[in-house]
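Report on one structure; see the data block that follows.
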Amino acid sequence: MTSPQQDLYSLLSNDSAVTALVGTRITPDVASQNTAVPYISYFADSTVNLNAVDTSVKIGANTSIQIDCWSDSPDTSNAVADAVEAALTTGDIVYRRDDRDPETETFRTLLDWKVWK
């Protein structure tokens with residue numbers, strides 16, 4: 001069985017609209033300092049397991065994954081985020097926010113994706 005992070009990577013890396021914008025620059029955790037923009041980074045923020053009354057039986061897990069769409073302009077980071085949202089055929093985007101990293105001066109559109117597995 002694949003993890004939600006593996007499923008996310010598969011969905012994004014196989015979506016032509018996403019790869020048209022970021023190519024292969026889709027990375028778990030933190031991208032290397034010299035990664036060209038635009039790119040996507042992601043990490044599992046939290047996982048909550050659901051168990052039956054018999055705690056040895058796992059019903060499922062709700063995982064929250066933060067997806068960061070980075071670019072040198074707010075329009076492009078939002079375009080990448082729009083493509084990511086369209087590519088996610090499972091789960092729900094429950095939060096979206098724009099900001100700017102003052103150190104690198106890059107723009108970010110943050111998506112919080114929740115998925116049951």
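Data table
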{"item": "Counted residues, the stretch 1-13 - those being in a loop (DSSP other than H, G, I, E, B) and open to solvent by 70 Å² or more (accessible area, probe 1.4 Å)", "result": "1"}
{"item": "Qualifying position, being part of a strand (DSSP E or B), open to solvent by 70 Å² or more (accessible area, probe 1.4 Å), modelled with pLDDT of 90 or more and of a type in the set (Lys, Arg), among 96, 108", "result": "96"}
{"item": "Test set (1) in contact with a strand residue (DSSP E or B) (Cβ under 6 Å, 6 or more places away or on another chain); (2) at pLDDT below 90 - residue 64 fails condition number", "result": "(2)"}
{"item": "Residues located in the stretch 14-42, provided they are open to solvent by 40 Å² or more (accessible area, probe 1.4 Å), more than 15 Å from residue 76 (Cα to Cα) and among the small types (Gly, Ala, Ser)", "result": "16, 32"}
{"item": "First in the stretch 64-75 and at negative phi and in a strand (DSSP E or B), second anywhere and small (Gly, Ala, Ser) and open to solvent by 10 Å² or more (accessible area, probe 1.4 Å), Cβ under 7 Å, 6 or more apart", "result": "64/46; 65/44"}
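The values are calculated or read from the model by the stated rules, or taken from the named source; none is laboratory data. Keep in mind that this is a model prediction, so the values were computed, not measured. Neighbour counts run over all protein chains shown; Cβ positions are idealised from the backbone, glycine included. Ligands, DNA and RNA are stripped out before the accessible areas are found, and what is left, the full protein with its side chains, is counted by its heavy atoms. Shrake-Rupley method; radii C 1.70, N 1.55, O 1.52, S 1.80 Å.
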